[in-house]
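Contents: one structure, followed by commentary.
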Amino acid sequence: MKPAISIRNLNKTYASGLTALKDITLDIRQGEIFALLGPNGAGKTTLINAICGLVRTSGGVIDVCGYDVIKEYRAARSCIGLVPQELSLDIFARVWNVVNFSRGLFGKPANPAYIEELLKKLSLWDKKDTEIRRLSGGMKRRVMIAKALAHEPSVLFLDEPTAGVDVELRKSMWDQVRALRETGVTVVLTTHYLEEAEEIADRVAVIRKGELILTEEKSTLMKKMGKKELVLDLYDPLPSVPAGLLLDAVTLSADGKQLIFTYDTAKEGAGIVGFLEKMKGADIPYKDLSTRQSSLEDIFVHLMGQS
């Protein structure tokens, strides 16, 4: 199966001399949710804009649905739906008109039934005759998504889709993104909410200073780079880690009430028995123990901290 998006040796250098993208090569599969992560200024939005034909690149080739985004830009652009970071809507227009008009821009024939179904899926049907200016920020985001989907694209870009959206609405939007994937739509999202990527992404890419430093299945990444912690709740707080336990993998909580032993998930069990025996030898009683898994955010912070 051909990838939904194929990028080869993509570069972008601005007239100022700033290199925003450096030799990006990437395939994004059909029907997957692909999360693009990176700090501000890393090149995430530039990469999305390049794929959507909104930024002129300095070199490289981009195909969307098999169409070259430069040589066959009309066909390529018709395959793409884009929800940008910034809300760009006519505040005096009504929801139905905004979405229906967007469909017409791509030369699609009128299809009121499809627009109705789309608005219902996005919980916007009861707002179809409401002016944009009367909607909440979260509802405006939903309108942007409906607008991007109006022409039935195969690929949907969500650039910070839940910025400023409350937790309940954010989770609802995650469900909607999953539903889109089930229909075969490829979803590419950038987000600062790493729990968002951890929750819904199939694959994750990390970009730093214009370079892709990692592209991995989320489950594989969590297994490969994730850590587990064994946490012991102590009866009495300690002023410091006892000498017999002074290992790189052992830390003490700020209040002295927990000892934390970190180990690789790939080597689960390795060192735990020895650590507990040392605890017994040091005569440190504890009332409870538990384990916790590192998050995608922990992995991201680690990657960003590498030189």
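Entry note, the chain: the mean residue ellipticity at 222 nm calculated from DSSP H runs of n ≥ 4, each adding -39500 (n - 2.57), is -9500 deg cm²/dmol after division by the residues and rounding to the nearest 500. In the set (i) 21.6, 69; (ii) 24.0, 77; (iii) 19.1, 59, the label that goes with Rg and Dmax of the Cα atoms in Å computed for this structure is (ii).
Highest mean packing first, where packing is the average number of other Cβ atoms within 10 Å per residue, the peptides 147-158, 24-35 line up as 147-158, 24-35. The long axis of helix 272-281 is offset from the longest Cα principal axis of the chain by roughly 40 degrees.
The packing ranking, built from the mean of other Cβ atoms within 10 Å per residue, places the peptides 133-141, 205-213 in the order 205-213, 133-141, highest first.
Once the C-beta distance of LEU276 and ASP68 is scaled by a Förster radius of 45 Å, the resulting FRET efficiency is 0.15 to the nearest 0.05.
Phi-derived couplings, Karplus 6.51 cos²θ - 1.76 cosθ + 1.60 at θ = phi - 60°, listed residue by residue for region 182-187: 5, 8, x, 6, 7, 10 Hz, with x used for Gly and Pro. Database remark: amide H of GLY81 closer than 5 angstrom to the amide H of VAL155, LEU156, PHE157 (H placed geometrically; neighbours at sequence offset of 5 or more, or on other chains; Pro and chain starts carry no H). Multiplying the residue separation of ARG94 and ASP166 by 0.36 nm and removing their Cα-Cα distance gives an extension gain of 23.6 nm. Bridging of LYS22 to lysines at a Cα separation below 17 Å is possible for LYS12, LYS44, LYS209, once same-chain residues fewer than 8 apart are set aside.
The length gained on full extension between ARG181 and GLU229, counted as 0.36 nm times the residue separation minus their Cα-Cα distance, comes to 13.9 nm. A straight Cα-to-Cα reach below 29 Å connects LYS280 with the lysines LYS227, LYS228, LYS257, LYS267, residues fewer than 8 places away in its own chain not being considered.
Normalised by the number of residues in the chain, the average gap of Cα pairs under 8 Å and 6 or more apart makes the relative contact order 19 percent.
Proximity of backbone amide H atoms, modeled 1.01 Å from N, is registered between GLY41 and no other residue at under 5 Å, excluding neighbours fewer than 5 places apart on the same chain.
Between ASP63, ASP126, ASP288, the residue with the greatest mean-square fluctuation in the GNM of the chain (Cα pairs under 10 Å linked by springs) is ASP288. The charge dipole of the chain, taken about its Cα centre with unit charges on the Cβ atoms of Lys, Arg (+1), Asp and Glu (-1) only, comes to about 1100 debye.
The numbers here are math on the coordinates, done by the rules we state, and not lab data. All of these numbers come straight from a predicted model, not from anything done at the bench. As a convention, Cβ positions derive from the backbone with ideal geometry for all residues, glycine included, and neighbour counts pool all protein chains shown.
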